[in-house]
Amino acid sequence: MLTLLASFLLSNPSMDPRLVGASREDGAGWIQLHLKGKPRDIGYQYGTLLAAEIDDAQRAQRSEISGKYDWDWYRVTAKKLFWSKVDPEYQQEMEGQAEGLKAKGYNIDVWDVLAYNANIEIGGYYIPTLREKETGVRQSGAKESCSAFVATGSYTKDGRPVLGHNLWWSYLMGERANVILDIQPEKGEPFKMDAFCGMIHSGTDYAINAAGIGFCETTISGFAGFDPSGIPEFVRMRKAIQYSKSLDDVARIFKTGNNGGYANTWLIVDLNANTIGKLELGLKNVNLATTADGYYVGSNFPENPKLIAQEIPGGWDADPKSNGCEARRLRWNTLLTENRGKIDAELGKAFLADTYDQTTGKKGGNDNTLCGKGEFGGATNTKVADGGLLSKQSFWARMGVSDGSEKHFASKGGFLHDIKSQPWILVK
């Protein structure tokens with residue numbers, strides 16, 4: 001239901017005309033935000049209706065950053081590296097968010113908003129290049145984040161695409177990946193996506209638009225590479241879901257100005273063409289595959305031999321018994337092959353909640369299972385949709401662990417909370 005604040009303001013639009021058309025709904029661990037209008041107004045609505053949660057998320061993120069590269073450094077670096085490469089509409093949206101936060105009494109400016117949106121690629125991709133210059137050792141800062149699949153044609157129950165994804169992240173920040181954004185922008189396509197609280201691009205990356213385009217991703221584990229002169233990934237992702245009308249549009253937008261930040265394998269749906277795609281987006285190596293009858297999966301493994309040779313320091317262990325990414329790939333291939341012709345949204349839910357370790361024959365959930373359960377991180381939200389739902393910009397979503405179990409921490413404190421069991425909800 002609407003929060004008291006949102007309900008009151010919406011019933012009294014003269015008090016703040018910039019909130020007209022915006023609303024907030026809370027339930028089952030999710031916060032659904034409906035935002036509409038010009039870029040600055042969309043940002044203002046976001047910042048106003050989610051002010052306390054954005055403040056909490058930013059403070060939680062800062063708690064994970066320390067030492068030489070502190071938050072002040074992130075602010076300065078994000079401004080220097082990225083601001084001039086951010087499209088004016090997204091600059092305005094971030095400025096609007098800062099205005100909304102200020103209006104609610106929070107001391108968060110546009111450079112905090114920018115640094116927060118850019119923190120994944122700065123921390124995981126840019127900082128490792130700086131350390132390489134200092135030490136002479138090439139290293140990766142990429143997270144092993146997410147499991148995902150896309151299927152169509154003879155693999156699905158109705159022959160139309162099915163797209164599913166769960167986010168793997170630290171439990172501290174993963175519990176704050178609880179926002180569903182429903183945005184009707186002044187330009188481009190209306191779209192919906194899940195997001196880390198306060199991000200304008202998602203970061204968690206399950207998104208669908210009114211033109212029949214949907215996509216999700218899993219990171220490329222072990223990846224190293226970053227081009228400081230390129231366009232930030234958070235801009236390219238947001239632009240891809242807002243302006244794409246075809247699979248080729250998605251690939252073109254992601255490749256234009258590619259900086260290597262947040263290097264992912266993107267699984268894509270083009271509902272109108274009944275076609276799916278897989279875009280392995282490295283820095284030096286970008287590989288696109290498409291099909292109208294088949295499936296693609298993601299579990300943080302690199303695939304192209306040239307990408308592995310040039311962009312994965314130390315090479316790649318392809319043995320499922322010693323590499324959880326490969327263990328999950330093995331499980332994906334087994335489930336999708338065994339269920340050919342039957343895959344729909346309900347089976348997608350079951351796949352993403354799967355806790356069977358195929359390398360040991362044991363159930364329960366670990367780093368080898370599609371529903372990841374680790375000591376410090378694992379699956380923290382899940383989304384899946386079939387063709388019928390995708391055509392309506394609708395999807396099933398579960399906040400928390402994918403199988404509905406709970407995660408309790410013996411020593412809590414600060415920003416870390418227990419992960420509660422939550423039901424599936426249908427996002428409409």
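I'd like the FRET efficiency for R252 and D418, computed as 1/(1 + (r/R0)^6) with the beta carbon distance as r and R0 of 35 Å, rounded to 0.05.
Calculated transfer efficiency: 0.20.
Sort all Cα-Cα distances of the chain into consecutive 10 angstrom bins from zero, then give the percent of pairs in each bin up to the one containing the longest distance.
In order of increasing distance, the bins hold 5, 23, 34, 27, 10, 1, 0 percent.
To the nearest 20 Debye, how big is the dipole of the chain about its Cα centre, given +1 on the beta carbon of each Lys and Arg and -1 on that of each Asp and Glu?
160
Between D70 and K342, what is the FRET efficiency for a Förster distance of 60 Å, r being their Cβ-Cβ separation, to the nearest 0.05?
Here the calculated transfer efficiency is 0.70.
Hey, how much of the P(r) for the stretch 196-291 falls beyond 22 Å, as a percent of Cα pairs?
Percent of Cα pairs beyond 22 Å in the stretch 196-291: 21.
Hey, which of these cross-link pairs are over 30 Å Cα-Cα: K85/K143; K245/K284; K349/K407?
Table pairs above 30 Å Cα-Cα: there are none.
Using the alpha-carbon centroid of each, what span in Å lies between the stretch 342-387 and the stretch 57-87?
A separation of 33 Å, based on Cα centres.
So for the stretch 186-307, taking the charge dipole from beta-carbon charges (+1 Lys/Arg, -1 Asp/Glu), which of L279, G230, G212 sits furthest toward the positive end?
Ranked along the dipole, the leading option is G230.
Express in nm, to one decimal, how much length is gained between F409 and A350 on full extension, taking 0.36 nm for each residue of separation and deducting their alpha carbon distance.
The F409-A350 span can extend by a further 18.7 nm.
Can you tell me the FRET efficiency between Q184 and D293 if r is taken as the Cβ-Cβ distance and R0 is 25 Å, rounded to the nearest 0.05?
Efficiency, from the Cβ-Cβ distance: 0.15.
No value in this document is a laboratory result; all are computed from the given coordinates. What you see is a predicted model, and the numbers here were worked out from it, not measured in a lab. All Cβ positions, glycine included, derive from the backbone under ideal geometry; neighbour counts span all protein chains shown.
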